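All remarks here apply to the structure that follows.
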Amino acid sequence: MSAVTSPLVWEHVQPPAARRLLTGAIDAFAERGFQATTTRDIASRAGMSPAALYVHYPSKERLLFEISLYGHKAALEILSAADLGIDPGERLRGMVSAFTAWHAEHHTIARVVQYELAALSPEHFAEVATIRRAISDLVERVLADGVADGSFAVGDLHGTTLAVLSLSIDVARWYSPSRQDPSELGTLYADLALRMVQA
């Protein structure tokens, strides 16, 4: 199993009760959305009482922040690890393929990470936004390298970066394991992204 498709590891969340609450929150937020999810929903999924949640987390928002922080760091790590080689085309292909496959394989947490950002406090949003900028910077750097060597025709680096990232990120919104294999989807989206930018 590759790093792209291996399960996310939550062993760093201790004690086990806190981990159960966090994974219960992921499922609840992905299914119902942050605003519609109650602390009772989360505690029920963890097999605990609602009061037990506050022993481990001061608020529902804190749970969302922990999920967002870990999910964004994992996505950045996958993207960074896929930025291999010298040729910008191959680098972009590898990055989009890995990033897309990650969003498909981990669509539940990715859905929470990508679509519940507005519920974070300003301080927590700022911390997550720093990681999101690092993700964008990686892709923009590859595009700029392709423009510099003449292999890419990109008039708007920032706008094209958003378009390329959106291809992968949107997978989390609709993906179902019955629809397509994550690695096959990654290959398809990598080809599409490359066609978007080739000179």
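The values are calculated or read from the model by the stated rules, or taken from the named source; none is laboratory data. Since the model is a prediction, treat every value here as computed from it, not as a measurement. All Cβ positions, even for glycine, are placed from backbone atoms using ideal geometry, and neighbour counts span all protein chains on display. When the accessible area is computed, the model is the full protein with side chains, heavy atoms only, and any ligands, DNA or RNA have been set aside. Shrake-Rupley method; radii C 1.70, N 1.55, O 1.52, S 1.80 Å.
Observations
- FRET E, pair GLU90, ARG133, Förster distance 25 Å, beta-carbon r, rounded to 0.05: 0.55
- Close amide H contacts of PHE152 (hydrogens built in the peptide plane, cut-off under 5 Å, sequence separation of 5 or more or a different chain): VAL147, ALA199.
- In the context of the full set of protein chains, the chain has a per residue accessible area of 48 Å² (1.4 Å probe).
- Net charge contributed by nearby residues that have their C-beta within less than 13 Å of THR39 (K/R +1, D/E -1): +3
- Probe 1.4 Å - accessible area at HIS12, Å² to nearest ten: 110
- Projecting the Cα atoms of LEU165, ALA110, THR39 onto the charge dipole of the chain, computed from C-beta unit charges around the Cα centre, puts THR39 farthest toward the positive end.
- Helix-only [θ]222 nm of the chain, DSSP H runs n ≥ 4, -39500 (n - 2.57) each, per residue, nearest 500: -23000 deg cm²/dmol
- Annotation for region 87-135: GluC sites (Glu not before Pro) lying in DSSP loop with at most 12 further Cβ atoms inside 10 Å of their Cβ do not exist.
- Modelled spin labels at SER49 and SER151, positioned 7 Å past Cα toward Cβ, are 6.1 nm from each other.
- Cut-off 14 Å between beta-carbons: net charge of the residues surrounding LEU63, Lys and Arg +1, Asp and Glu -1: +2
- Counting only Cβ charges, +1 for Lys and Arg and -1 for Asp and Glu, the dipole size of the chain around its Cα centre is about 700 debye.
- Region 110-199 - percent of accessible surface contributed by carbon and sulfur, probe 1.4 Å: 54
- Distance between modelled label sites at ARG173 and ASP83, nm, 7 Å Cα→Cβ extension: 2.6
- Calculated P(r) over Cα pairs in 5 Å bins from 0, in percent (choose from (i) 1, 7, 12, 15, 15, 10, 7, 4, 3, 3, 3, 3, 2, 2, 2, 3, 2, 2, 1, 1, 1, 0, 0, 0; (ii) 1, 6, 9, 8, 8, 8, 8, 7, 6, 5, 5, 5, 4, 4, 4, 3, 3, 2, 1, 1, 0, 0, 0; (iii) 1, 8, 16, 18, 18, 14, 11, 7, 4, 2, 1, 0, 0), label: (iii)
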